[in-house]
Amino acid sequence: MLQQVMFRYMLEGHTASEEGKLAWVTSGFPVEIPQAMGVTSSYPEQYAAVVGSEKVGPTVCGFAEELGYSQELCSYARSGIGSVLHPDDSPLNGLPPPQALLACNNICGTVLRWYDAVSELTEAPVFLLDTPPLDDGQSAHHMRYVKSGIHKLVDFLSKHFGTELEEGRLREVAELSTQAISLWTQCLEACKKRPSPLNCADRFLAMAPVVSMRGTDHIVEYYQALLDEVNHRVREGVGAIRDERIRLLWDNIPPWFNIFKFFNGLAKRGVVFPADTYTHAWSGSISGDDLFESVATIYSNVYLNKGLDAKVDKMCELIEDYNLDGFILFSVRSCKRYSLGQMVSKELVSERTGVPGVIIEGDMVDSRLFNEAQIQTRIDALLEMLL
Amino acid sequence: MTQKPKYGIGLDLGSTSTKAMLIDRERRVLGSHLLPTGASAVGAAERCLEAIAIQAPIDVSRSITISTGYGRSVIESADRNITEITCHSVGVNHLNPDIRLLIDVGGQDSKVIRIGAKGRPEDFELNDKCSAGTGRFLEVMAGVLEVPLKDFGNLALGSTDPCEISNTCTVFAESEVIGHIGAGKRAEDIAAGIHASMAAKIASLSKRIRSTGPLGLTGGVALNPAFVHYLSIELGEDIWVPEEPQMTGALGAAILALDEGD
Ligand code: SF4
């Protein structure tokens, strides 16, 4: 079913692109707005994950590197730029060409420069929704500022796609988005049970629709089916892995090129990951009298847009609520925003929860930066502490 | 195995040297051997095992072997492998149960481990990516100064006015050292600066692990008196060094091998 949903996503992207109604969006973009205005979205970050899973990261990133982009640049950005340069040599022949590029910097600042680079190549205009990082909650003026950005977004989309925003339609889309997110959240929370019905890789794959098709009705069906399956597993006591012995928290994007080998290898040793900080990032429902205010709140308060304290709190909360024995922080060379502060987090989280953790280093797409032997030693040592 | 093992064999396959240790149930050392790993970890391990077999001919069927170190998984004759993090903790804890923070500086990596009251690791940090802060750093610098590695520490201890080496990167520090040579600085003072710089690097790694309690140093670099001296200054603490600081990983593995049969 997941395959069908994702196939439909690709197909709809191509159709929209041909009709001149496709926008590329960043993963934390309030996609409900373009969706309500009849503009379809494609996700370069998700595409980059496909590049990673197909194990062609070094090749596609290499296309961007040939143009002069540094290996230090995020490998999602390099994959994105590389696949625009050489779609024929990239998985699925690249993403369908966009008519606009919608970036929200609630996940990082890299996306803006990345979309600027794509804009130079495709001539699609860039719109930036600026959501300055929050440190200690969202102030009233922050909210007003982001809200005014959403008004500008509506103007931008009206101008470029010749459409209008109707409040009724936005409410419908918001409601569908909320339903999908709520079902997804229930799937995640079912993993508090022992044995956990889902492992890390399961969640990383199953989250694709909630990232890329929030606000559509068919993904609500998909998440309902997933929740039924998860509940069935819980009732029957069927775990995601055969013999659950150790429950760990995962932090950060996974190494896409190695995702099955990595998590299944650990599963054979009785290690399951009932929770991670990444798939828990899609939460919050757009509602209330002032929908724009709701959008401005939710999209400013995403995990990566908050300070280190909030990250540490979240990790501690997950470790306690999901009854976890330890944690693995994946330090992703590409994603400075996600990986910054992990050294301090490790210390604080261990101190507060009393469970040990390790930091392993690598990348989500660029397999050249992944040293298996070094990672193995760190994880083995962690497991030896726990067994 | 129906009977308990009579002997434990620990094999530590480090990147620079391979060590083997044989102990009996009373944890008495019956044999031990150390060899440069060279190009073949398996070959070095076999030769180490042959050497301890000559030192103490035992009934091998009554022994259990545990391998550790970066090459731990390539040894087929081992019954099991355990990381060097755990093995070093167990080995050091056996020799000195008071030690709570262990710094191990090997030929090509360094690690800091907090050891719990039961002798098991509780937290650790590992540097296995960069030659600065490992024995390799001292080896390169000794080469630049044309001093045999074994004399390098003593040379540094003769310094009266240590040079400042501000770069911790091996490559940059090398050009800094060449600069000092060019400026006519004494070899003793340059050597002292090199040791102090490396001690600062290791101290900063060790500060990542919070610990209160006595400090131990193992690994080949612990044999270097100038490094121990500067590290102790840098950390403001006395440092305990075992008699054979390179053997604690193999010792820990041998002890764990005996536990295995229990
Ligand atoms: S830097 Fe991180 S948040 Fe930004 S695009 Fe790359 S992976 Fe995403």
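The values are calculated or read from the model by the stated rules, or taken from the named source; none is laboratory data. It should be emphasised that the depicted structure is a prediction, and the values quoted were computed from it without experimental measurement. Note that we place each Cβ from the backbone using ideal geometry, even for glycine, and neighbour counts take in every protein chain shown. SASA here: full protein model, heavy atoms, side chains in, ligands and nucleic acids out. Shrake-Rupley method; radii C 1.70, N 1.55, O 1.52, S 1.80 Å.
Stokes-Einstein at 20 °C, 1.002 mPa s, Kirkwood radius from Cα pairs: D for chain A in µm² s⁻¹? Intermediate results must be reported in sequence, preceding the final value.
On the way: Rh = 21.3 Å.
After rounding, the answer is 100 µm²/s.
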Note to self: C-alpha centroids of segment A:152-173 and segment B:82-125 sit apart, in Å, by 61
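Which value in Å is the Kirkwood Rh of segment B:1-114 over different Cα pairs?
Values: mean 1/r = 0.0689 Å⁻¹.
Taking every pair of different Cα atoms in segment B:1-114, averaging 1/r and inverting gives 14.5 Å.
Counting only protein heavy atoms, what percent of the accessible surface of chain B is carbon or sulfur at a 1.4 Å probe?
Working: 5740 of 11420 Å².
Of all accessible area on chain B, carbon and sulfur atoms account for 50 percent.
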Spherically averaged projected area in nm², based on the convex hull that wraps the Cα atoms of the protein assembly as shown: 32.7
As a check on your grasp of the helix formula, calculate [θ] at 222 nm for the protein assembly as shown: sum -39500 (n - 2.57) over DSSP H runs of n ≥ 4, divide by the residue count, round to the nearest 500. -15000 deg cm²/dmol
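How high is the FRET efficiency from A:Gln186 to A:Met1, r the C-beta distance, R0 30 Å, rounded to 0.05?
Values: r = 17 Å, r/R0 = 0.57.
The computed FRET efficiency comes out at 0.95.
Need one value for B:82-88: mean number of C-beta atoms belonging to other chains within 10 Å of its residues' C-beta atoms. It would help to have the intermediate numbers written out before the result.
Values: counts 3, 10, 3, 8, 5, 1, 0.
Mean shielding by partner chains, rounded to a whole number: 4.
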Rh by Kirkwood over Cα pairs, then Stokes-Einstein D for segment A:259-387 at 1.306 mPa s and 10 °C, µm²/s: 98
Whole-Å distance linking the alpha carbon centroid of segment B:189-262 with that of segment A:69-122 is 47
Which of A:Lys21/A:Lys314; A:Lys336/B:Lys207; A:Lys55/A:Lys336 have a Cα-Cα distance over 30 Å? A:Lys21/A:Lys314
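Arranged from highest to lowest average of other beta-carbon atoms within 10 Å per residue, in what order do the peptides A:54-60, A:366-372, A:5-11 appear? Can you show the working numbers first?
Details: A:54-60: 20.3, A:366-372: 18.0, A:5-11: 15.6.
So the peptides A:54-60, A:366-372, A:5-11, ranked by packing, come out A:54-60, A:366-372, A:5-11.
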Cα-based Kirkwood hydrodynamic radius, chain B, one decimal, Å: 18.8
Using only Cα atoms, find the angle between the long axis of helix B:84-95 and the longest principal axis of chain B, and express it within 0 to 90 degrees, rounded to the nearest 10. 80
Tilt relative to chain A, helix A:2-18 - C-alpha long axis, 0 to 90 degrees, to 10: 20
Per its Cα gyration tensor (rounded if a/c is under 1.5, else prolate when a/b beats b/c, else oblate), segment A:190-233 is best filed as oblate
Can you give the angle from 0 to 90° between the axis of helix B:187-206 and the longest principal axis of chain B, with both taken from C-alpha atoms, to the nearest 10? 50
Using a/c under 1.5 as the rounded threshold, could you call segment A:10-159 rounded, prolate or oblate? The axes a ≥ b ≥ c are square roots of the C-alpha gyration tensor eigenvalues, and prolate needs a/b larger than b/c, oblate otherwise. oblate
Sequence order, segment B:129-143: Karplus ³J(HN,Hα) from phi using 6.51 cos²θ - 1.76 cosθ + 1.60, θ = phi - 60°, Hz rounded, Gly and Pro as x, gives 10, 9, 6, 5, x, 9, x, 4, 4, 5, 4, 4, 5, 4, x
log10 of Debye I(q)/I(0), alpha-carbon scatterers only, for segment A:240-324 at 0.15, 0.19, 0.21 Å⁻¹: -0.69, -0.92, -1.02
Quote the accessible area belonging to B:Asp161 in square angstrom, nearest 10, computed with a 1.4 Å probe and with ligands, DNA and RNA left uncounted. 100
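Roughly how much accessible area, to the nearest 100 Å², goes out of reach of solvent when B and A pair up, both sides summed, probe 1.4 Å? Could you put the intermediate results ahead of the total?
Numbers: alone 12150 and 16460 Å², together 27080 Å².
So the total buried area for this chain pair works out to about 1500 Å².
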For segment A:260-304 and segment A:312-364, what is the centre-to-centre distance using only Cα atoms, to the nearest Å? 15
